[in-house]
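K.L.:
The following block contains the structure, expressed as structure tokens.
The values are calculated or read from the model by the stated rules, or taken from the named source; none is laboratory data. Not measured: the values here are computed from a predicted model. With ideal geometry, Cβ positions are generated from the backbone for all residues, glycine too; neighbour counts draw on all protein chains shown.
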Amino acid sequence: MHATARHAVPPAPPSPPLAKYKGPKFLSRFKMEVTAPAPTPPASPGPFVESLTDVARDIQYYAEVEIGSNEQKLRLDFDTGSSDLWVPDSTCKTRRVRFDRSTSTTFQPMKGKFQITYGDGSKVEGILGKDRLNLAGLVIENQVFGLATKESTSFSKDVVDGILGLGYNSISCVPGTLTPMDNLIEQKLIEQPIFSVWLGRQTEGGGGEYRFGGFDPERFEGELTWVPVTVKRYWQIKCDGLIFGDVDLEMNGDVIIDTGTTLVILPTKVAKAIHDQIPGSIYDPVQGWIIPNTPEVASLPGFQVLLGGVKFDVVMKDIMRERVYGKRGYVYSGIGSNDNIPVWILGDVFIKQNYCVFDKGQDRIGIARCKPPVRIQQSVMQHMKDEFESIQKKSKCTIM
């Protein structure tokens, strides 16, 4: 997807479009009522795990799933910020990898069509059908999904073939449609109505995984903090505070945990408050927020969000992203700004540091700090120092 990730704009009831950000252009305080937390459930049998591949330094992640009697493989973007499953139909001329319904003996056509318009202006439309879906080794029967016959250019150029929504079905484009997660529960394929996500960093080996019906305690430190969902559309919770180092920014808001968005997206006022703590940060109307690529900036603590009474980190190695072409010595920020969305978005930049468990049974999200990888290829701090020293050496060279 070019530059932005996507939130589907639900058909009814209406809600403001939420743009999903895949990256920069190149690519009054209140106190939340805290109820006694429910006990953490044990990890479920399985494991029912879908492994992920990360793309272009974690701009997005995809998993290969199988659809149809002949298990046609498609790369799907698993997205907690939308609720529809769709793949390219065999008649979609802009795609190389497509689903051929004529070769699946279990495919059932459905009446009606679907159309989704996303917050970044991209669109997809087509027909509807049912078929068998193999998700992490769990075979879902009669899963309703869209077969795209027409799509925006941003989709046709994407490395993924389609999207698998993991939000609440209240925002499905076809009212009453059960999502894959709903069907896992309905068809009793998992013991617990939960799924969890761990996202790796390309600089530390990459990859990631979704686990359906449970979670992996070996992926995180300590205990999960459970935060109640406040609105059952996206996975929306309350953020009670924002801290950068020792500075309380005295801000709070409604947030969604969104695996389909690369960055952390905040209102301009909030994004500016964070970048004001990063010396040399600049807002460029074209490039968005950019920050100096120096060891001093890399050594900053990053910021924390207060969720369920616990502080969770967003660290500088995730905030400091790709180099800005044409602006030497700067990198894109992992924090974007948008005043046209009603919630703060905690995307992959947050999730890479924090393990997340989505509990549909009790409408809550469990969060804990991820364990560091056993083997790290090269620390980002050292990488920043090496890069800075290289720039210094080049600046001293004289062209003869």
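K.L.:
Among the residues of segment 84-94, is any touching a helix residue (DSSP H, G or I) at 6+ places or on another chain (Cβ under 9 Å), closer than 21 Å to Trp235 by Cβ, buried (at least 23 other Cβ atoms within 10 Å of the Cβ) and modelled with pLDDT of 95 or more?
P.N.:
Yes, segment 84-94 has at least one match.
K.L.:
Filter segment 239-267 for residues that are touching a Gly at 6+ places or on another chain (Cβ under 8 Å) and not in a loop (DSSP other than H, G, I, E, B); which is nearest to Gln60 (Cα to Cα)?
P.N.:
Val264
K.L.:
For segment 266-273, indicate whether the set of residues that are closer than 28 Å to Lys371 by Cβ and of a type in the set (Val, Ile, Thr) is non-empty.
P.N.:
Within segment 266-273, none of the residues are closer than 28 Å to Lys371 by Cβ and of a type in the set (Val, Ile, Thr).
K.L.:
Val270 passes all but one of (1) part of a loop (DSSP other than H, G, I, E, B); (2) within 21 Å of the chain's Cα centre (by Cα); which number fails?
P.N.:
With respect to (1) part of a loop (DSSP other than H, G, I, E, B); (2) within 21 Å of the chain's Cα centre (by Cα), Val270 is out only on (1).
K.L.:
Filter segment 309-318 for residues that are touching a strand residue (DSSP E or B) at 6+ places or on another chain (Cβ under 6 Å) and within 20 Å of Ala273 (Cβ to Cβ); which is surrounded by the fewest Cβ atoms within 10 Å (Cβ to Cβ)?
P.N.:
That would be Lys311.
K.L.:
Name the pairs: first residue in segment 293-310 and more than 18 Å from Gln353 (Cβ to Cβ), second residue in a helix (DSSP H, G or I), Cβ to Cβ under 7 Å, at least 6 apart or on different chains?
P.N.:
Asn293/Met384; Asn293/Glu387; Thr294/Phe388; Pro295/Met384; Pro295/Lys385; Pro295/Phe388
K.L.:
Look at segment 160-185 and say how many of its residues are out of contact with any helix residue (DSSP H, G or I) (no Cβ under 8 Å at 6 or more places or on another chain), β-branched (Val, Ile, Thr) and under 25 Å from Cys356 (Cα atoms).
P.N.:
Residues meeting the conditions: 4.
K.L.:
Cβ-Cβ below 6 Å, separation at least six or inter-chain, first residue in segment 131-156 and closer than 30 Å to Gly121 by Cα, second part of a strand (DSSP E or B) and small (Gly, Ala, Ser): which pairs?
P.N.:
Here the result reads Gly146/Gly126; Leu147/Gly126; Leu147/Gly129; Ala148/Gly126; Thr149/Gly126, each pair linking segment 131-156 to a residue that is part of a strand (DSSP E or B) and small (Gly, Ala, Ser).
K.L.:
I'd like the full set of residues that are of a type in the set (A, V, I, L, M) and part of a loop (DSSP other than H, G, I, E, B), limited to segment 309-347.
P.N.:
Val315, Val324, Ile341, Val343, listed by residue number.
Here is a yes/no grid of residues against (1) out of contact with any Phe, Trp or Tyr (no Cβ under 6 Å at 6 or more places or on another chain); (2) outside the structural domain of Thr80 (by TED's automatic domain parsing); (3) at pLDDT below 95; (4) charged (D, E, K, R):
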| residue | (1), (2), (3), (4) |
| --- | --- |
| Gly206 | yes, yes, yes, no |
| Gly214 | yes, yes, no, no |
| Trp226 | yes, yes, no, no |
| Gly241 | yes, yes, no, no |
| Met251 | yes, yes, no, no |
| Val255 | no, yes, no, no |
| Gly260 | yes, yes, yes, no |
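K.L.:
Something else now. If a residue has to be touching an Asp or Glu at 6+ places or on another chain (Cβ under 7 Å) and surrounded by fewer than 15 Cβ atoms within 10 Å (Cβ to Cβ) to count, how many in segment 231-250 make the cut?
P.N.:
So the count comes out to 1.
K.L.:
Within segment 201-212, can one find any residue that is outside any strand (DSSP E or B), surrounded by 16 or more Cβ atoms within 10 Å (Cβ to Cβ) and at positive phi?
P.N.:
Checking segment 201-212: at least one residue is outside any strand (DSSP E or B), surrounded by 16 or more Cβ atoms within 10 Å (Cβ to Cβ) and at positive phi.
K.L.:
Oh, and also: Name the single residue, out of those in segment 290-308 being over 14 Å from Gln277 (Cα atoms) and out of contact with any Asp or Glu (no Cβ under 6 Å at 6 or more places or on another chain), that is surrounded by the fewest Cβ atoms within 10 Å (Cβ to Cβ).
P.N.:
Only one residue tops the list, namely Pro295.
K.L.:
Can I ask one more? Out of Val310, Val264, Val229, Val324, which single residue is touching a helix residue (DSSP H, G or I) at 6+ places or on another chain (Cβ under 9 Å) and not small (Gly, Ala, Ser)?
P.N.:
Within the list Val310, Val264, Val229, Val324, the selection yields Val264.
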